[in-house]
Structures are given as C-alpha cells and as structure tokens.
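Here the structure is laid out as structure tokens; the discussion comes afterwards.
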Amino acid sequence: GWGWTSPVQLLCTGDGVYSGNVNFQNNGGADNNFRFFTVEGDWGSGRNYPYYEDEGFTFSGNLANAADDDNNFAFTGTTGSYFLNFDTVSKTITIE
C-alpha cells in the first residue's frame, strides 16, 4: 500500500547495492504500481520509471512503465514474495 506507515526499506547490502525481500502483487491496475523514494516521508523525493530509464538503468522483465499519471513502476509478474536488488553501480533493478 501507499503510505509512510508501511514503507519497504531496502538495506544497503554492498557498495551501492540495496536489496531485500518484497511482496509484490499483480491484480491489474494501480495496485501493481510503485516507485522509489530517497528520503523517508518526503513525497517529493520519489523517483519513477523514466527517471531510472534516463539514468541508463536496466530492469527485470517483470517491471514496466505503468504509464499512469506519475509514470510509476508496474510489477507485471506473478503475485508473491520476491528478492529485489537495486544496484546503483551496475545500474540494474532486478526482481527474482
């Protein structure tokens, strides 16, 4: 869900690498959408799909541009628990 009462925080697990287990759902529609924030509690720090695309990141095949009002990420895989790896050095965002 969207809100600061239940954010998923990714831990730093290496030099420029942030990762953790995340529950994703694919129910169709906006419930699949998310974005990354650099400052907890600051809606203005949100970074969407085009931001990372413009920075040269590549993404897992189960991530797409939601093409919603905010161009969030859309999770397109099967609902479940996944390991998200966000690597700022190799510029990859993967979900396994």
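Among the conditions (1) farther than 15 Å from Gly20 by Cα; (2) in contact (Cβ under 8 Å) with a residue 40 or more places away in the chain; (3) surrounded by 15 or more Cβ atoms within 10 Å (Cβ to Cβ), the only one that Thr78 does not satisfy is (3). Against the test of being surrounded by fewer than 16 Cβ atoms within 10 Å (Cβ to Cβ) and either touching a strand residue (DSSP E or B) at 6+ places or on another chain (Cβ under 8 Å) or β-branched (Val, Ile, Thr) (or both), the options Asp70, Asp87, Asp15 yield a single qualifying residue, Asp70. Please state which of the following conditions Asp15 fails to meet, knowing it meets all the rest: (1) out of contact with any Gly (no Cβ under 7 Å at 6 or more places or on another chain); (2) modelled with pLDDT under 95. Exception for Asp15: condition (2). Just to check your reading of the model, which residue among Thr13, Thr38, Thr58, Thr79 is over 20 Å from Glu96 (Cα atoms) and of a type outside the set (A, V, I, L, M, F, W, C)? Exactly one of Thr13, Thr38, Thr58, Thr79 is over 20 Å from Glu96 (Cα atoms) and of a type outside the set (A, V, I, L, M, F, W, C), namely Thr38. Checking Glu40 against (1) open to solvent by 70 Å² or more (accessible area, probe 1.4 Å); (2) within 12 Å of Ile95 (Cβ to Cβ); (3) touching a Phe, Trp or Tyr at 6+ places or on another chain (Cβ under 9 Å): exactly one of these is not met. Which one? Here Glu40 meets the rest and fails (2).
The values are calculated or read from the model by the stated rules, or taken from the named source; none is laboratory data. If you're wondering where the values come from, they're calculated on a predicted model, not measured in any experiment. Every residue, glycine among them, receives a Cβ derived from its backbone with ideal geometry; neighbour counts consider all protein chains shown. Surface areas here come from the heavy atoms of the whole protein model, side chains and all, with no ligands, DNA or RNA. Shrake-Rupley method; radii C 1.70, N 1.55, O 1.52, S 1.80 Å.
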